[in-house]
Amino acid sequence: MPPRIRRALARRAAPEEVPDRVSALPDEALHAVLSLLPVHDAVRTCVLARRWRHLWEHAPALRVTDVEGWNPRLRGDGLGRFIRFVDGLFVSRRRCDAPLELCDLDFDFPEDKGKDWHVNRWIMLALLRHHARVLRISLPAYITLPDVPLISQRLTRLELDGVLGNDNILDFSCCPALIALKMKCCRINAEKMSSPSVKILSLASCEFYPATRTQMSFPSVVSLELDGCSGSVPFLESMPSLVAAIVIFDDDYADRCDNSVLGDCGDDSCVDCCNYSDRSKCVCLNGLLEATHLELSAEPAMYVFRRDLNLLLACHTFAKLKTLALGEWCMTHDLSALIRFLQQSPILEKLTIKIPEEPKCSMDAGQQKIPEEPFVSNHLKIVEIKCKGKEVMWVCKVLKTLGTFGIPLEKINIKLTSEHCRSECFNFVCTGFSCS
């Protein structure tokens, strides 16, 4: 076959060239795409073409995760290469003026005497030199944060997971733009946590273990969540802007009395009941008075809620409260805590009562002592009682007590939450302690 014909046939058989549409995108779009990748993958794009060589340096996010081949869990050269790699990331970004929107440090460091120093250095570089707007730290092994306040004019969101916090690092007064603070599985050894600007505050599975109660001062908080923490219940200062709060005390809280199933046995020599020096001071509920939506959950032996009620509600009300959810702590033989809450919540619209499968308090623990002060429930639209279907006597007791204070049965729904009942809702009719 003549060469001319072979060349013509080759041109016909050659596949049509596909245009590179990704490279046709503007730099800003590629920066956004690279910011979604773990940083070790973003760095690898530098070999694609000359244009890509420095694109990753301008990405608005650094997501530092465990890197295959130099996992920080590996001692020796693997750990050393990882440290040098992360150091190189911050050095490379110094050559550009791109603002850092997100710095995410999420990896597993081995138990090494130098791990705290390296991580703290990276934190300071992210805040002071690269002005990160969002900082996330997630480390399975606890690290001790530096004993100095964080300083940033640009930081708006801080998420901490697996860190040890002290008084200085938990003073966020030098972060005036900080709006959201989330802490998970952290150990808090501080007499005070504070921020004048934080609006969203969430602490989950954290441990408070200072010598005295941790004082929490967050006057701008709108949303508060304390979920499953342990240690001593923190002292909540006033939160004038508070709208919604969820406070769930774990069984490991220190504010409990093993001498009485209801806690607070009344013995002045009881170390558990005298866990804080000023027993006349409200610990928790005073900071929640401005809430519109409130959920309080604890077991009966955790006495802080009931003691706060006795100290507080004689002269204060939950004037803005519209929805309220109460857990097992209010399931006492006289239901006095439940009634006191209703008396001091004049515009309450919805009440949810969660009855455990096996309440720890006996129904016959003493004479029922319902507070005598009446309360008006004109705004109350619905009462929802959640149970698993085996607590009929407790349900009836709640219904009878509510009926005594003028809440009609038509406003009360019973919601079965067991798997067999498939969350079925129905109305109970209660006569004395017999239900039909």
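In whole percent, how big is the carbon plus sulfur part of the accessible area of the range 99-158, probe 1.4 Å, protein atoms only? Taking all protein chains in place, the range 99-158 shows 56 percent carbon and sulfur surface.
Summing charges over neighbours of Leu224, with a neighbour being any other residue whose Cβ is under 11 Å away from its Cβ, gives -3 when K and R count +1 and D and E count -1.
Scattering from the range 70-194 was approximated by placing one identical point on each alpha carbon and applying the Debye formula without solvent; log10 I(q)/I(0) at 0.16 1/Å stands at -0.79.
One compactness figure for the range 193-251 is 1.07, namely its Cα radius of gyration divided by 2.2 N^0.38 Å. Coupling constants for the range 143-150 follow from the phi torsions by the Karplus curve (6.51 cos²θ - 1.76 cosθ + 1.60, θ = phi - 60°), and in residue order they are 10, 8, 6, x, 8, 9, x, 6 Hz; glycine and proline get x.
Derived scalar couplings between HN and Hα for the range 191-203 equal 6, 8, 10, 7, 6, x, 10, 4, 10, 10, 10, 9, 10 Hz in order, rounded to whole Hz, by the Karplus curve 6.51 cos²θ - 1.76 cosθ + 1.60 (θ = phi - 60°), x for Gly and Pro. Computed from backbone phi, the HN-Hα couplings of the range 36-52 come to 7, 8, x, 4, 5, 6, 5, 5, 5, 5, 5, 8, 5, 6, 4, 5, 7 Hz, rounded to whole numbers (Karplus: 6.51 cos²θ - 1.76 cosθ + 1.60, θ = phi - 60°; Gly and Pro given as x).
In the range 176-236, the portion of solvent-accessible area held by carbon and sulfur atoms comes to 50 percent [1.4 Å probe, whole percent, DNA, RNA and ligands not counted]. All C-alpha pair distances within the range 305-359, sorted into 5 Å bins from zero, spread as 4, 19, 29, 26, 15, 5, 1 percent across the bins. Near the amide H of Ala245, within less than 5 Å, lie the amide hydrogens of Leu224, His293, Leu294, Glu295, all on another chain or at least 5 residues away, with H placed in the peptide plane. Positive-end ranking of Pro140, Ser92, Cys103 along the dipole of the range 86-149, with charges on Cβ about the Cα centre, is headed by Ser92.
Potential lengthening of the chain between Lys400 and Asp87 amounts to 106.0 nm, from the contour at 0.36 nm per residue minus the alpha-carbon distance.
Among the listed pairs Lys182/Lys320; Lys388/Lys411; Lys192/Lys415; Lys184/Lys415; Lys322/Lys354, a Cα-Cα separation exceeding 29 Å is found for Lys192/Lys415; Lys184/Lys415. Computed over protein heavy atoms with a 1.4 Å probe, the accessible surface of the range 81-225 works out to 41 Å² per residue.
The charge dipole of the range 93-228, taken about its Cα centre with unit charges on the Cβ atoms of Lys, Arg (+1), Asp and Glu (-1) only, comes to about 520 debye. On a per residue basis, the convex hull of the C-alpha atoms belonging to the range 122-178 measures out at 66 Å³.
The values are calculated or read from the model by the stated rules, or taken from the named source; none is laboratory data. Predicted model only: the values in this text are computed from it and were never measured. When we count neighbours, we look across all protein chains shown, and the Cβ atoms used for this are built from the backbone with ideal geometry, even at glycine. With ligands, DNA and RNA removed, areas are computed over all heavy atoms of the protein, side chains included. Shrake-Rupley method; radii C 1.70, N 1.55, O 1.52, S 1.80 Å.
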